[in-house]
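**Student:** The following block contains the structure, expressed as C-alpha cells.
The values are calculated or read from the model by the stated rules, or taken from the named source; none is laboratory data. Values in this document were obtained by computation on a predicted structure and should not be read as measured data. Neighbour counts run over all protein chains shown; Cβ positions are idealised from the backbone, glycine included. Note: areas computed on protein heavy atoms with side chains; ligands, DNA, RNA excluded. Shrake-Rupley method; radii C 1.70, N 1.55, O 1.52, S 1.80 Å.
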Amino acid sequence: MAGSAGLALCGHELVVRGGSRLLATSTSSSDDDSLFIYDCSAAEKEAREHKGEDAQPAGEGSDTALAAAFSTSGSYFALTDDSKRLILFRTKPWQCLSVRTVVRRCTALTFTASEEKVLVADKSGDVYSFSVLEPHGSGKLELGHLSMLLDVAVSPDDRYVLTADRDEKIRVSWAAAPHNIESFCLGHTEFVSRIFVVPDHPELLLSSSGDRTLRLWQYRSGRELHCCHLPSLQEPAEPWSNKRFAASRITYWRQEDCVALLCDGLPVVCLFQLDVPRRQLVYQQQLTFQHRVWDAAFEEARGLWVLQDCREAPLVLCRPVGGQWQSLPESAVSKRVCAHLRENWAMLEGSAGTDSGFSSLYKATCDNMTTYLKKKEERLQQQLEKKRRRGPPRGSNGQTKKMKAGRAPRSCSS
C-alpha cells in the first residue's frame, strides 16, 4: 500500500516504483539498455492542462505512487499517486499519455481485459472507471461499498468486477450493471488485503487477509474451496511466528501453476502449488531473505523476481532447481537492472521502514463486559464504604423509642 516500493512485470517489461518515481526497463536481453524514468512530482503541470470536464484540481500530497498495474498485453501501464492523480502510459515505446485527477486517494487499480478501461478503487469504497481509448476523459462512478476498498480485480472475460474491502467481504458484481451482485465470498475474519483471479482458471479466485489465511474460491457461487492458515506453515522459533501480518502481494506463474505470497513486513515469500483437479493449494516452500522484501512478481520466461531493501542486490531472481526454489547467481540481465536501481537508489530509500498501512486496519478488540463488571464492583465497594463511615442509623438497635411524658398513644377510632 501507500509509501512502499513496488515491482511490476509483464512480458519483458519491468517497472520498479519508489517514492514519486518509477523506473522502467526491459529484461529481454543483456544488450537492451533502454531506460525510462518518470517523476510524479513533474505531473502537476500536465494535470492542469488536461483536466476533464468535471475534474477537480489535484490535491496537495506527497506525490508518492500508491498503486500501479500493467494492462493484460503490457501495452499500457497506469499508476495513482498521493496527490490524487491517475497517470496513464503507453509502453511501446514508453510515453505518458495523460494525467487525470481522481476524487479520492486510491488503494488499488486494474485494467479491464479488453484494455478499454482502468478501474480505480479508493479509500471511501468507490470504484471509478477511466477510458484508455480516450485518455483525457473524466472518470465514471461504477460501484460503491460502505467501507474502504483494498483491492479490485476483473474476470478474464470482463463480465465481473471483484472488490475486496476492510469489512472482510469480497463482492462479485456484474461489470455491465454493477448494482447487480452475483455473489459474496464470505469467510475471512479480518480485512481482505488482496484478491487475484487465476488467469488460466478464470473461475477461481485467490484471496488473502489480515486473519493470516490464503483462501481459494469459486467466486461466481461464493463457495470457499480451500483455506490455508499461514501461521501453521511457520516454525514456532521464527521471530514472526506470533506476529500479525497480511499478504501484500499474490502473484502467479503459469508454467508451474505456482502461487507466490508475500507477507507484508516479513522477509519471506511463501510458495504454493495450485492443484486444480483437487481444488486446493499445496504448500511447497518458504523463501527466507536477509533483508526486508518490498515486492515480488513472476516473469514467465525466467522465474520469480524479488525486490528487497538491499542496495548491493536490490533484485534477486529465484527459480526451482532440483525441485527446490533458490536464488540464482547474477545474470547479465539482473546485473544491468540492479545497476540501474543502484544509480537511482534515492527513490527507494524512502521506502525503508515505511509502514504499509495494514496495521491500522485490524479490528479493535474491546471486552466491554469485563470493564463493566469491574466498574460495577468498584461502585458497590464505594457505596459500602460510605455506609460504614456514617455509622448505624438511629433506632436501628431494636429498642422502642421512649415516648414523651404526658402523651398517650393514639388509637384509630372504630
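**Student:** I'm trying to understand the selection: among the residues of region 266-279, which are in contact with a Leu (Cβ under 6 Å, 6 or more places away or on another chain) and open to solvent by 10 Å² or more (accessible area, probe 1.4 Å)?
**Tutor:** Correct list: 279 only.
**Student:** If you don't mind, another one. Those residues that are assigned to a strand (DSSP E or B), more than 19 Å from residue 9 (Cα to Cα) and not aromatic (Phe, Trp, Tyr), I need them from region 321-343; list them, please. Don't jump to the end; show me each part of the working.
**Tutor:** Taking region 321-343 first, the residues assigned to a strand (DSSP E or B) are 321, 324-327.
Add one more test, that the residue is more than 19 Å from residue 9 (Cα to Cα), and what stays is 321, 324-326.
Scanning region 321-343 gives 321, 324, 326.
**Student:** Looking at region 302-312, can you tell me whether even one residue there is small (Gly, Ala, Ser) and outside any strand (DSSP E or B)?
**Tutor:** Start the filter on region 302-312 by keeping residues that are small (Gly, Ala, Ser), which leaves 303.
Next, only the ones that are outside any strand (DSSP E or B) stay: none.
Looking for residues that are small (Gly, Ala, Ser) and outside any strand (DSSP E or B), one finds none in region 302-312, hence no.
**Student:** When you scan region 282-307, how many residues do you find that are open to solvent by less than 30 Å² (accessible area, probe 1.4 Å) and either among the hydroxyl-bearing types (Ser, Thr, Tyr) or touching an Asp or Glu at 6+ places or on another chain (Cβ under 7 Å) (or both)?
**Tutor:** Qualifying residue count, region 282-307: 3.
**Student:** Taking the options 173, 147, 183, 131, name whichever one is more than 21 Å from residue 281 (Cα to Cα) and at pLDDT below 95. Give the steps one after another, and end with the answer.
**Tutor:** Values: 173 fails: at pLDDT below 95; 183 fails: at pLDDT below 95; 131 fails: at pLDDT below 95.
Result of the check over 173, 147, 183, 131: 147.
**Student:** Quick one: in region 198-209, of everything that is assigned to a strand (DSSP E or B) and out of contact with any Cys (no Cβ under 9 Å at 6 or more places or on another chain), which residue is farthest from residue 245 (Cα to Cα)?
**Tutor:** Within region 198-209, the subset assigned to a strand (DSSP E or B) is 204-209.
Pick out the ones that are also out of contact with any Cys (no Cβ under 9 Å at 6 or more places or on another chain) and you get 204, 206, 209.
On the way: 204: 24, 206: 17, 209: 8 Å.
Here the answer is 204.
**Student:** Given the residues 258, 263, 310, which is the only one that is of a type outside the set (S, T, N, Q), under 22 Å from residue 13 (Cβ atoms) and open to solvent by less than 30 Å² (accessible area, probe 1.4 Å)? Please lay out each step first, then the result.
**Tutor:** Values: 263 fails: under 22 Å from residue 13 (Cβ atoms); 310 fails: under 22 Å from residue 13 (Cβ atoms).
Just a single option satisfies the conditions, and that option is 258.
**Student:** Would you mind telling me which numbered condition in (1) modelled with pLDDT of 85 or more; (2) more than 29 Å from residue 39 (Cα to Cα) residue 310 fails?
**Tutor:** For residue 310, the failing item is (2).
**Student:** Being of a type in the set (Ser, Thr, Tyr), open to solvent by 20 Å² or more (accessible area, probe 1.4 Å) and at pLDDT below 75 narrows it down to one residue among 62, 34, 30; which is it?
**Tutor:** Numbers: 62 fails: at pLDDT below 75; 34 fails: at pLDDT below 75.
After applying the criteria, what remains is 30.
**Student:** May I ask you to list the residues in region 103-117 that are surrounded by 17 or more Cβ atoms within 10 Å (Cβ to Cβ) and either within 16 Å of residue 163 (Cβ to Cβ) or free of Cβ contacts under 8 Å to residues at least 24 places away in the same chain (or both)?
**Tutor:** 106, 107, 108, 109, 110, 111, 112, 117
**Student:** Mind listing whichever residues of region 118-149 are among the aliphatic types (A, V, I, L, M), assigned to a strand (DSSP E or B) and open to solvent by less than 20 Å² (accessible area, probe 1.4 Å)?
**Tutor:** Of region 118-149, the ones among the aliphatic types (A, V, I, L, M) are 118-121, 127, 132-133, 141, 143, 146, 148-149.
Cutting the leftovers down to assigned to a strand (DSSP E or B) gives us 118-121, 127, 141, 143, 149.
Scanning region 118-149 gives 118, 119, 120, 121, 127, 143, 149.
**Student:** Take residue 170 and decide whether it is of a type in the set (A, V, I, L, M, F, W, C), more than 17 Å from the chain's Cα centre (by Cα) and under 25 Å from residue 125 (Cα atoms).
**Tutor:** Numbers: of a type in the set (A, V, I, L, M, F, W, C): yes; more than 17 Å from the chain's Cα centre (by Cα): no; under 25 Å from residue 125 (Cα atoms): yes.
Considered against the rule, which asks whether it is of a type in the set (A, V, I, L, M, F, W, C), more than 17 Å from the chain's Cα centre (by Cα) and under 25 Å from residue 125 (Cα atoms), residue 170 comes out as no.
**Student:** Return the total of residues in region 151-167 being within 12 Å of the chain's Cα centre (by Cα) and free of Cβ contacts under 8 Å to residues at least 60 places away in the same chain.
**Tutor:** Keep residues of region 151-167 that are within 12 Å of the chain's Cα centre (by Cα), which gives 151-152, 163-166.
Still in the running and free of Cβ contacts under 8 Å to residues at least 60 places away in the same chain: 151-152, 163-165.
Final tally of qualifying residues: 5.
**Student:** Could you tell me how many of the residues in region 155-197 are in contact with a Cys (Cβ under 9 Å, 6 or more places away or on another chain) and among the basic types (Lys, Arg)?
**Tutor:** Residues in region 155-197 being in contact with a Cys (Cβ under 9 Å, 6 or more places away or on another chain) and among the basic types (Lys, Arg): 2 in total.
**Student:** Residues being more than 13 Å from residue 287 (Cα to Cα) and either aromatic (Phe, Trp, Tyr) or touching a residue at least 60 places away in the same chain (Cβ under 8 Å) (or both): count how many of those fall in region 316-334.
**Tutor:** 3
**Student:** In addition: Does region 364-383 contain at least one residue that is at pLDDT 85 or above, under 30 Å from residue 21 (Cα atoms) and part of a helix (DSSP H, G or I)?
**Tutor:** Within region 364-383 (the criterion being at pLDDT 85 or above, under 30 Å from residue 21 (Cα atoms) and part of a helix (DSSP H, G or I)), the answer is no, since none of the residues qualifies.
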